[in-house]
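The values are calculated or read from the model by the stated rules, or taken from the named source; none is laboratory data. Quantities reported herein were computed from a predicted structural model and do not represent experimental measurements. So basically every Cβ, Gly included, is an ideal-geometry build from the backbone, and we count neighbours across all protein chains shown.
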Amino acid sequence: MSDIAERQQELIDEFSLFGDWQEKYGYIIDLGRDLEKMDPRYKDDAHKVKGCQSQVWLHAELDENGRMRLQAESDALIVQGLIAILLRLYQGQTPEAVLETDLNFLEEIGLMSHLTMNRTNGLHSMIKTIRAHAAVMARG
């Protein structure tokens, strides 16, 4: 099992501990509150994620070991939590691993059926942006 697959399974296990979606939303918000603040120099138009109703900024770079380092932030609590989940999955991964792994946990925990259409579109935009950065990085 890949590292991202293991991280997805951990999230599935964590979300299964909650009885209803109010508790799950609370957990998502808590994850967002615990997310490290983004370097302010990246909170500009060049780093904005297109397709999100909320303001979302994302910066990606490779570290010295060829692994992705991501920073992201949003002005909306739920979206900030969604970012925290994505960073938990992708942080420190190789660009190739990011490109090769499907995010099956989103359906398994029921997230996609409990987000509004705008939030679903925004989540897909964030994933697409991270994968686009990974594709550029993988090409060198």
Of the residues in segment 47-74, those that are at pLDDT below 95 and in contact with a strand residue (DSSP E or B) (Cβ under 8 Å, 6 or more places away or on another chain) come to C52, S54
Specify the residue that is farthest from E96 (Cα to Cα); the eligible residues are those in segment 8-49 that are among the polar types (S, T, N, Q) and either part of a loop (DSSP other than H, G, I, E, B) or without any contact (Cβ under 8 Å) to a residue 24 or more places away in the chain (or both). Q22
Take the residues in segment 84-110 that are in a helix (DSSP H, G or I) and over 13 Å from the mean Cα position of the chain (by Cα), then tell me which one is surrounded by the most Cβ atoms within 10 Å (Cβ to Cβ). P95
Out of all the residues in segment 37-59, is one or more under 12 Å from the mean Cα position of the chain (by Cα) and over 17 Å from G122 (Cα atoms)? no
Hey, does segment 70-83 have a residue that's closer than 18 Å to M137 by Cα and loosely packed, with under 12 Cβ neighbours inside 10 Å? no
Residue that is out of contact with any Cys (no Cβ under 9 Å at 6 or more places or on another chain) and in a helix (DSSP H, G or I), where the choices are A60, A5: A5
Conditions: (1) of a type in the set (S, T, N, Q); (2) at pLDDT below 95; (3) over 17 Å from Q8 (Cβ atoms). T101 meets all but one. Number of the miss? (3)
Here the residues within segment 104-140 that are over 21 Å from A76 (Cα atoms), of a type outside the set (A, V, I, L, M, F, W, C) and at pLDDT below 95 are N104, E107, E108, R139, G140
